[in-house]
Amino acid sequence: MKELEAEFLGRYFWDGCLTVKNNKAQFSITGDLKEEKEFYKRVVVPEFNELFNLSLKLREYKSNGVCGLYYSSKNFARELQETYNLKPGKKLNVNLPLLKTKNEKIAFLRGIFDTDGSIYFCKSYFKTKKPTFCNSFHYKPKIKIALISEKIITFIYNIFLELDFSPRMYSPRKQKKQENIIYALVLDNDKDVKKWITEIGFKNIKHKTKVKVWEKYGFCPPKTTIKDRYMILQGVLDPLTFYSWKQNDL
């Protein structure tokens, strides 16, 4: 398997959708219009076209805030089913890819974390008499993914172990009674986060800008948009404006 194929499968396993119904078939892979348009335009669409020798263009739907790829083709749907053993419909019980090499495993992880994973930053909640850097700023990075498929999350967990990571699994939970059970894991120690950034990395600009802000300032404020982070990196926006305290409080 090519690394590009493994990365495509990672992206498909959450943001992708294969629908086959009434003699019609459609493949789609979508993301958030505001936060992921650049990622889809610069990475997802070109790599998809390269892999499948197509010339599709990014489509935008402002009414529901979505952008992505849409391809209606029975032959293409059949190709995905035969080549990659993909199942149409919901991804609760999927056929997992056979990843033989280290590079294939890395590409798959990057693909699925780019589209459905997240990197976020926490501060310490250890109480001190005076504010400190650690309990004032969101300085500690964590990389997390949460899915409704126990099969996929276990697959990801085992790949991490094979690559010498130490992932931590969350207890399965439901936010609401009528919702599916959520399965999640996190990389939350410094060694694993550094290993991810240096050996796997992100292609999604949404995630990459968070890492760049953290590397530049030692922290990354929560609830920033990709536009905010670009402005912070350009020196136009002070990251301290996302905090209510004053600098001389430290």
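Relative contact order for the chain: what percent, with Cα pairs under 8 Å and sequence separation of 6 or more? If you can, show how the numbers build up before the last one.
Numbers: 379 pairs, mean separation 48.4, N = 250.
Relative contact order here is 19 percent.
Run the simple label-point estimate for Asn135 and Lys2 please: 7 Å along Cα→C-beta, distance reported in nm.
Reported label-point gap for Asn135 and Lys2 is 5.4 nm.
May I ask which residue of Ser136, Tyr157, Cys67 lies farthest towards the positive end of the charge dipole of the chain, with charges of +1 (Lys, Arg) and -1 (Asp, Glu) on Cβ and the Cα centre as origin?
The residue sitting farthest along the positive end of the dipole is Ser136.
For segment 218-235 and segment 1-72, compute the distance between their C-alpha centroids and round to whole Å.
27 Å
What does the net charge come to around Leu99 if you take all other residues with beta carbon closer than 13 Å to its beta carbon, with K and R at +1 and D and E at -1?
0
Quick one: which of 8-14, 18-24 comes out on top by average Cβ neighbours within 10 Å, and what's the full order, highest first?
Going from most to least packed, we get 8-14, 18-24.
Using the Cα centre of segment 3-95 as the reference point, and only Cβ charges (+1 on K/R, -1 on D/E), how large is the resulting charge dipole? Debye, rounded to the nearest 20.
Values: 15 positive and 13 negative charges, 118 e Å.
That gives segment 3-95 a dipole magnitude of about 560 debye.
How much net charge surrounds Val45 when only the other residues with a Cβ under 14 Å from the Cβ of Val45 are counted, with Lys and Arg +1 and Asp and Glu -1?
With Lys, Arg at +1 and Asp, Glu at -1, the net is -1.
Mean separation of Cα pairs under 8 Å and 6+ residues apart, divided by the residue count of segment 3-95: what relative contact order is that in percent?
Reported relative contact order: 33 percent.
Give me the distance in nm between label points sitting 7 Å out from Cα along the Cα-to-Cβ direction at Leu233 and Lys176, one decimal.
Going by the 7 Å Cα→Cβ label model, 3.5 nm.
Tell me the label-point distance for the pair Lys87, Lys62, using the 7 Å Cα-to-Cβ offset, in nm and rounded to one decimal.
If labels sit at Lys87 and Lys62, their model points lie 4.0 nm apart.
If you put +1 on each Lys and Arg Cβ and -1 on each Asp and Glu Cβ, how big is the dipole of segment 80-155 around its Cα centre, in Debye rounded to 20? Don't skip to the end; give the middle numbers.
On the way: 15 positive and 5 negative charges, 121 e Å.
Charge dipole of segment 80-155: 580 debye, to the nearest 20.
Under a 5 Å amide H to amide H cut-off, with H placed in plane at 1.01 Å, what residues pair with His138 once short-range neighbours are removed?
Cys220
With every atom except the alpha carbons ignored, what do you get for Rg and Dmax of segment 3-95, in angstroms?
In order Rg, Dmax, the Cα atoms of segment 3-95 give 12.9, 35 Å.
Per residue, what volume in Å³ does the Cα convex hull of the chain take up?
Dividing the Cα hull volume of the chain by its residues yields 160 Å³.
Which residue, chosen from Met1, Thr198, Leu185, occupies the Cα position most advanced towards the positive end of the dipole of the chain, where the dipole is computed from +1 (Lys, Arg) and -1 (Asp, Glu) charges on Cβ about the Cα centre?
The one lying farthest along the dipole's positive direction is Leu185.
Could you give the dipole magnitude of the chain about its Cα centre, charging the beta-carbon of Lys and Arg +1 and that of Asp and Glu -1, in debye to the nearest 20?
For the chain, the charge dipole is close to 800 debye.
Since every read-out is calculated from the coordinates, none of them should be taken as a lab result. Not measured: the values here are computed from a predicted model. For neighbour counting, all protein chains shown are included, and Cβ atoms are generated from backbone atoms with ideal geometry for every residue, glycine included.
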